[in-house]
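The values are calculated or read from the model by the stated rules, or taken from the named source; none is laboratory data. Just so it is clear, the model here is predicted, and its values are computed rather than measured. Here Cβ is always computed from backbone atoms with ideal geometry, including for glycine, and neighbour counts include all displayed protein chains.
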C-alpha cells in the first residue's frame, strides 16, 4: 500500500509538531505539504521536516490536489470551514480540538464529513498517552472499584497571546484547555457530565483579561451516575506543563502524570532538584506520535477513528456549559442539544460497556 | 514551674491519641485524668498511657477539681456544653475541631472562655505539620508569587459509623473533614473564602446515606481577593489517609503531602510497591505532638493560642455555607453573621499582614 | 514495676539525643543522671531534658549508686573501660557502636557483662528503623527470592573534627560509619561477610588526613554463601544524611531510604525542589526511640537484648578487616579470632534460620 | 545532500532496534539492507522496518556495494573482522560496544578504520541519554564540586543465553554489561580508572555458570586522581532494566536514572504501585535515536564521531582488568598497553579539560 500523502493546515506551535511527527515518526504516511503565509515559517518547517510543498492558503493546497489526508491545526474559529472544504475535496481529516466553537459548528463539520464519506478524527491527544491508557486499563479491570471522583488539572506555563485568547478565536480557557479534562474525565469515568459550575477569573494576565477571557478556573462537575469531578485550568503554572488526572474509586485510585522530565536529580546543600516537562510535546511527545499513527492507520485500513465525532461534540457541549456558568454565576446543565439523537449521544461515550459495570454496583 | 495537670474528655480514636501524646510526648504537662464510661476503654487507656484517674462523666472530673487544662475530644455536638462547663471551672481548653455545629454555638463557646479568662484553642492540627509550616513559609517568602489557586483533598480510608456521620452529631462530611481544607486554604492563601459551591453525594456508604450525610464532595471556592479554590473530601480513599494541598501562584507552586510512609520500596516483576499513611496519626503524628505542646506552652506562658477562636469560627461558617450549597443546589455566599465585628473577623485570618502583600500585586 | 533509673555517659551529639529520648520518649525509664565535665553542656542538657544529676566522671556517677542502667555514649576508645566499670557495679548497658576498637576489647567487654550478669546491648540503631524492619520482613517472606547483592551507603554531611577522626579514638571511617552497613548487610543477607577489599582516601578533608583517617571509602564484600556486597562511606554528602541500603535477590529487590524529609515540594521556573534529612536524628529519630525502648524493655522484662554482643563483635571484625585492607592494598579475610566459638559465631547472625532458606536454593 | 544508505549487520535484539531506528527515527539516513541467515527474522525485520535488502552474510552485503555506512550489531567476537572488512570496503561504521574482546583486537579495528579513512564510532549509548547528558553538564558546571565517588549499577532482568554469555563470544558480564559503567564513570569523573578489584559469582544461572561466566559482580575502582568508584552488574534485576549512576562530589551529587516508566500510579489497599523500564529500549529509547543520529551526522558532515576509538579501547582495558581480577583474586592495575601512546591515551578521556578543573582543587 502506498503511503498516505499528508498536509498540515496551519504550522503554529502544535502544527509544526504535527508536521515533524508526520515527516519523521509516522509509518505509512508522508508529509507532502503545509500551509503558511509566512516565508520565514516555511523555511523553519523545511529545516525541521525536510522538503515539501508550501501553500499560502488551503485553497491553493486543495487546488494542487495531491493530498489524501490533512491535519487541521489552524485557529479553532477556522476549523469548521476547513473541515467543510477538505471534506468536499474528499480528504480525510485529523482536526485539532475543539472541533468548533459551538455545537452548531460541530454539527456542520460532522455532517460535512459524513456526507463526503471521509474520516474525521478530533485530536484527543492524551488518550494516546501511555499513562492515561494504563489508567483506563486499570479502571476497566476493576482495580479501583467504582469511580467516584475525578480530579484533573491542565496547566500551561504562560498565558497565550491576547489574539489567541480571544473568545471568538479560541473559545477561551475552558474550551481551549479544560476541554482536555472534560474528555478525559468522561472517558475514564465512563459516564456523562450533566452539570457544571465554574469559578474563574482573569487573575494575572492583562492580555487575557482585555479580550474577556480568564486565566484560571476551577469547575465542579456532576456525572449522570452521581459521580463527582473537579477540574482546574491555569495559564500560569510556571513550573511546567502540568497535566495530571486522578480517579478515586471505592477500592483504590489511579494517578496519571508526574513532575519529572529528565531522569536526573541534582542534590546539594539546598536540597534535591529536578526538572519538569516544559511543554505539551515534552510531556505528550509519544502520545502525539501514537495519535497521528492511529489516524494514519484508520485511513489506510478504512476503519473508524478511535475518537468519535460525537465524543468531540459532547465535550464541546460540556466546555460551553462551563463557560456559560462563569457568565451566569450558577451551575449549568449540560445541553447536548439534539434530543432526537439521545441514542447516538450515548455512543459519544468512549466506552459504552462501562455503563453495565456501573449499574451492577451501588452507585 | 509545675507541670500542667491535664485531662482528656472523650477517649475515642483521636482522644486516645491525644491522651498518649500528653502522657508521653509533651513537656510540662501530665495526664492526670480521662473521662469514659467504658471500663474496657479505661483499661486500654491505662495500658497505653500509664495510670491516671478515670471519670465516667465530665461532671465528676470537674468535681474532683485537680485539672488545669483539658483536651475536648468528645463528639462535636457536645463541644459547646463541654467548653461552657470547663470554662466555668476555670480550666483551659484545647477543643477538637470544629468548635461547634453552628455559629451560635461558636459564639457561646468563645464568650464562655472570654468571660472566664481561660485559653480556648481549636485543633487545627495540620497547621503544625512540618510540610504545611514550610509551605506557609515559602508562600510568605514570595517563592510562588501571588497565590491564585488552591487545590486540596482530605481522604479517609473508611466511612465513619452512621452514628457519627449523623449531621446532628458531627455536622457531616463538610464540617467534619473538609473543614481542614477550608482553614488550611484560608491560612495559606491569606484570604477569606467568600463563596462556595458543592457537588456531593452518598455514593458508596449506606450508613452515611441513611443519616442524611454524604461520603464524597467537591467544592469550588472563591476568595475575597479573586483567587480560586477546589476542595475534595472523600470517605473512601482506601489507599490511605490522603491529606494533600497544593497552592499555585503566578511564580510557582507548593505541594504538601505525598504517598509514602515507611522508607522502603519493594521491587519485583510486577513493578515497584510502597505503602501510604493509613491514618491521621501515621501522617500527622508529629503535628499532633506539636499542637499539644503549643497549647501547653501557651497555658504555661500565658500567651495567646496560635489558633484564634475567630479563625475557628470563620471556618465553621465556610463549612456551613458549603453544606447549605448541597441542599440548595447553588453557590452560597459565606455569612460570618456578626457584621458589628467585621474588624475582628479580619483578625480571623491567621496571618493578617499577608493582605498587604497581596494588595501590592496585581490580583 | 518502678521505672528504670537511667544515666547517659557522655553527652556529645548522640549522647544528648539519647538523653532527650530517655527523658521524653521512653516508657518505663527515667533520666536521673548524665556525666559531663562541662558546666555549659550540663546546662544545655538540663534545658532540653529537665532536671537531673550531673556528674563530672563515671566514677562519681557510680559512687552515687542510684542508677539501674546506662547509655554509654562516650568516645569509642573509652567504651571497654566504661563497660567494665558499669558491669562491675551491676548496671545494665546500652553501648553505642562500635563496642570496642578491637576484638580483644570486645571480648573484655562481653566477658565483663557476662560475669556480672548484666545486659549489654550495642547500638545497632538502623535495625529499629521502620524501613529496615520492613525490608527484613520482605526478605524473610521470600518477596525478593535469594539475596545476591547488597548495596549500601552511609553518608555524613561533614567530616568529624580531627580529634574524633583519630584512629585511636574512633577507629576511623570504616569502624565508625561503614560499621552500620556491615551489620545491616549481615542482618539483611542472613549471611556472614568473609572477605573485604577497600579503596579509600583522605580526598577532601585536611583534618581527617592529618590524623591518618580517610574521608571516603568503597568496600567490596563477599559473603560465606557467595553473595556480594558493595558499601560506600563518605564524610562529604553535603546534600544530607545519606543512609541507604538495597538488597537485590533473584526475584526482586528492596530499597531502604529516600531523599525526602519535610512533606512539601516547591515548584518554580527552575524545577522542583525538596529537602533531605540533615542529620541522623532527622532520618533515624523514631529508630533511636525504638532502640532505647527495646533496651528498657529487656531490662524490665529480663530478656535478651535484640542485638547480641556476638553480632556486634563480628561487625567489629569485619570493620577491622576492611580497615586493614586499606593499609595492605589487598582483599582481607575476616578473622573472627575465636575458632573455639565457631558455634557461637554462627549465632552472631541476627537471624539464624535464614541459613536453611538459603541452603534450599541454588546459591 | 542525499541520504546515507545504511545497513545493520546482525539483527538480534539490539540490531533490530537499530534497524527500526534507522528506518523510522533518523534524519538523513535510509535503511537499505540487513544481514541475517534466518528467513523468519528477515520477515520480522521487514514487518517492522519496511522493505529492504536482506543478505545472508556480510560478504554478500559488501558485494552488492550499495551501502555507505553500517551498524555492526553482530556478536562481540565478530566485531573486529566485521570492522576490518567494512573498512576495506570504505564503509563508515557504528560498532556496538565493546569494540573487541581484547586490546589487540581494538588496535586492529582502529588501525583498519584509520587506514581506510572511514569513521568508526563505538556505541556508548548512555552518553546520549538526556539524564546522563544533564549530569555531565551539572558536573562540568561545578554544581557538585570535585567528584569523589561514583556509584553505578547495570542490571538486566534475565541472564543471557549460555551461547551468548560464553566468554569467547561476549567477553562475559564485565565486558558486556559493566562496560557501560566503566565508560560512564570515566566520562563523568573526567578521570582514568587505574585499579580495579572484582568480587563476582555465577550465583543464580546454570547456563552462565556452565560457560564460565558470572551473573553478578561488584567492582571497586580507583581513579588516577584518587577518586573512588563502585560498580555493580547483575543479570537478575527482575524488577526491570536497572541503569543508574550517581556521582558524589564535595559540594553535592547527581543521580541518574529512576524506577518509573509509564506515568501512572495505582493506589489500593496494598499500597502504591508503578512499573519500571523492562528493557534497554524502554529506558534508553531516545538515547539510541540520538546516538544513531550523531553517527549519521558525523558521516554526512565529515566530522569526528563524538565517541573516540581511544575512549572505547581504554574502556575495554578496564573491563579486562576487572575480569582478570576475578581469576586472580586481587586488585589489578589497568594496563592500556601502548606506553608509546600515553599522549593519545590521555585523549581517550572524553573531556580532557576537566583535568585542569581537578588540578585546581585539593583532590
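Laid out as a table, the results:
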read-out	value
Filtered residues of region D:110-135 (kept if without any contact (Cβ under 8 Å) to a residue 60 or more places away in the chain and touching a helix residue (DSSP H, G or I) at 6+ places or on another chain (Cβ under 6 Å))	D:112, D:116, D:118
Members of region A:78-104 found to be closer than 18 Å to residue A:318 by Cα, in contact (Cβ under 8 Å) with a residue 60 or more places away in the chain and either part of a helix (DSSP H, G or I) or assigned by TED's automatic domain parsing to the domain that holds residue A:177 (or both), listed by number	A:103
In region D:11-29, residue nearest to residue D:49 (Cα to Cα) [restricted to those that are at pLDDT below 95 and touching a helix residue (DSSP H, G or I) at 6+ places or on another chain (Cβ under 7 Å)]	D:23
Sole exception among (1) more than 7 Å from every other protein chain (Cβ to nearest Cβ); (2) touching a residue at least 40 places away in the same chain (Cβ under 8 Å) for residue D:250, by number	(1)
Check on residue D:39, crowded, with 22+ Cβ neighbours inside 10 Å and either out of contact with any strand residue (DSSP E or B) (no Cβ under 6 Å at 6 or more places or on another chain) or touching a residue at least 12 places away in the same chain (Cβ under 8 Å) (or both)	no
Residues of region D:70-96 satisfying the condition of being surrounded by fewer than 21 Cβ atoms within 10 Å (Cβ to Cβ) and in contact with a strand residue (DSSP E or B) (Cβ under 7 Å, 6 or more places away or on another chain)	D:74
Enumeration of residues in region A:53-69 that are surrounded by fewer than 16 Cβ atoms within 10 Å (Cβ to Cβ), farther than 23 Å from residue A:300 by Cα and either in contact (Cβ under 8 Å) with a residue 60 or more places away in the chain or under 27 Å from the mean Cα position of the chain (by Cα) (or both)	A:56, A:57, A:59
Test: residue A:202 is farther than 24 Å from residue A:289 by Cα and in contact with a helix residue (DSSP H, G or I) (Cβ under 7 Å, 6 or more places away or on another chain)	yes
Odd one out for residue D:44, checked against (1) touching a helix residue (DSSP H, G or I) at 6+ places or on another chain (Cβ under 7 Å); (2) surrounded by fewer than 19 Cβ atoms within 10 Å (Cβ to Cβ); (3) assigned to a helix (DSSP H, G or I)	(1)
Listing of helices (runs of 4 or more DSSP H) fully contained in region D:115-225 that carry 1 or more residues being within 14 Å of chain A (Cβ to nearest Cβ)	D:130-140, D:179-189
Check on residue B:240, buried (at least 23 other Cβ atoms within 10 Å of the Cβ) and either on the phi > 0 side of the Ramachandran plot or at pLDDT below 95 (or both)	yes
Boolean, residue D:50 is at positive phi and either in contact with a helix residue (DSSP H, G or I) (Cβ under 8 Å, 6 or more places away or on another chain) or in contact (Cβ under 8 Å) with a residue 12 or more places away in the chain (or both)	yes
Residue count for region D:5-16, restricted to those that are surrounded by fewer than 21 Cβ atoms within 10 Å (Cβ to Cβ), more than 15 Å from residue D:58 (Cβ to Cβ) and under 17 Å from the mean Cα position of the chain (by Cα)	2
Selected residue [within 14 Å of chain C (Cβ to nearest Cβ) and either surrounded by 19 or more Cβ atoms within 10 Å (Cβ to Cβ) or part of a strand (DSSP E or B) (or both)] from B:21, B:2	B:21
Set D:245, D:262, D:232: member being over 26 Å from residue A:244 (Cα atoms) and either free of Cβ contacts under 8 Å to residues at least 12 places away in the same chain or facing another protein chain (nearest Cβ under 7 Å) (or both)	D:232
Test: residue in region D:277-284 that is within 11 Å of chain A (Cβ to nearest Cβ) and touching a helix residue (DSSP H, G or I) at 6+ places or on another chain (Cβ under 7 Å)	yes
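Condition check ((1) more than 30 Å from residue B:86 (Cα to Cα); (2) surrounded by fewer than 22 Cβ atoms within 10 Å (Cβ to Cβ)) across all residues:
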site	(1), (2)
B:119	no, yes
B:127	no, no
B:145	yes, yes
B:176	no, no
B:187	no, no
